[in-house]
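To start, the structure itself, in structure tokens.
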Amino acid sequence: MGPSQTMPSRRTIETAVALACRAPSLYNSQPWRWVLGSQDLSLFSDPDRILPATDAFGRQMVLSCGAALNHLRYAFASLRWTSVIDRLPHSQGRQCLATIGLAPAQDVSDTDDRMATAITRRRTERLPMDPPGRWDQTFAQVTELAAQSGTHLEDIGEHGRPELEAMSRRLSGLRRADPVYQAELRWWAGHSLYPEGIPAEALRPRDTARSRSNENSLPETSPPTPETRTTARRSCCSPPLRTPGWTGCAAERRCRPYFSPVPIADSRHAQSHI
């Protein structure tokens, strides 16, 4: 096969990645980076977007990238491309979480098509939710879905609920008293001017008031990461497509990449990127 048959067109790749970047992530931090090679696409974690107070070990960052990878697979499937995913390949610093090879698909299953369509309709609901009416049936369906991804799901049952609730309350108390965590929360939540973070309209009124209260009570500080921390290769367009020796944006416009280090405070103006 020639190169044109083994890899999708640039427009197809950009369309799939744009859908993948709609995946949920911790505080909508979008901690992923996409690198396009000649024969595959690679997913990297972005250490400049880790939240040290909330996610000290990077577990939530990896889960966020996993959600983006899941979206990418369905997006490519809806575009008639099969994803061949190699998870956690050997890489320096273990920042490469997956490489995605692509092969033409003959057709699209109804499930893949519905899942891809649902990506643009998905929203994160932060309000309390009622329990499912038929828990046994719901749990069986969720367990089956999890098993398809090689994941074992277990119901802790009523016997584990008091202990889990006590742990949750204890952690909430510790975080309320942690100024570093509160500064990080204030940095990522309650703003509407940036593409990252949780916008004010997505928060409950009580949470918005609490965020404003924190802004009045806490001293003005930079994010909990050091001020000297930088993020390189940010681009002015959204989302920029990065290939060896080339940086461009999804709309095929020429953009000016920031090759000099950019302070982390300025990186909020850049959207998720590849």
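Quick one: count up the residues across region 153-189 that are of a type outside the set (S, T, N, Q) and in contact (Cβ under 8 Å) with a residue 24 or more places away in the chain.
Our first condition is that a residue be of a type outside the set (S, T, N, Q); within region 153-189, this holds for 153-167, 169-171, 173-181, 183-189.
Keeping just the survivors that are in contact (Cβ under 8 Å) with a residue 24 or more places away in the chain gives 178-181, 183-189.
Within region 153-189, residues that are of a type outside the set (S, T, N, Q) and in contact (Cβ under 8 Å) with a residue 24 or more places away in the chain number 11.
Please enumerate the residues belonging to region 53-67 that are small (G, A, S) and touching a Leu at 6+ places or on another chain (Cβ under 6 Å). Can you show your working first?
At the first step, the residues of region 53-67 found to be small (G, A, S) are 53, 56, 58, 64, 66-67.
Residue satisfying the conditions is S64 alone.
Of these, P89, P132, P128, which one is modelled with pLDDT under 95, closer than 21 Å to Q39 by Cα and not acidic (D, E)? Walk me through how you get there before you give the answer.
Values: P132 fails: closer than 21 Å to Q39 by Cα; P128 fails: closer than 21 Å to Q39 by Cα.
Only one candidate passes the filter, namely P89.
Is one or more of the residues making up region 110-120 part of a loop (DSSP other than H, G, I, E, B), free of Cβ contacts under 8 Å to residues at least 12 places away in the same chain and acidic (D, E)?
The answer is no; no qualifying residue exists.
Tell me the strands (runs of 3 or more DSSP E) entirely within region 1-108 that contain at least 3 residues that are crowded, with 16+ Cβ neighbours inside 10 Å and either of a type in the set (A, V, I, L, M) or at positive phi (or both). Talk me through it step by step, then tell me what you get.
Details: elements: 32-36, 41-45, 81-87, 96-104.
Hits in region 1-108: 96-104.
The values are calculated or read from the model by the stated rules, or taken from the named source; none is laboratory data. As the structure is a computational prediction, the values presented were derived from the model and not from experiment. For neighbour counting, all protein chains shown are included, and Cβ atoms are generated from backbone atoms with ideal geometry for every residue, glycine included.
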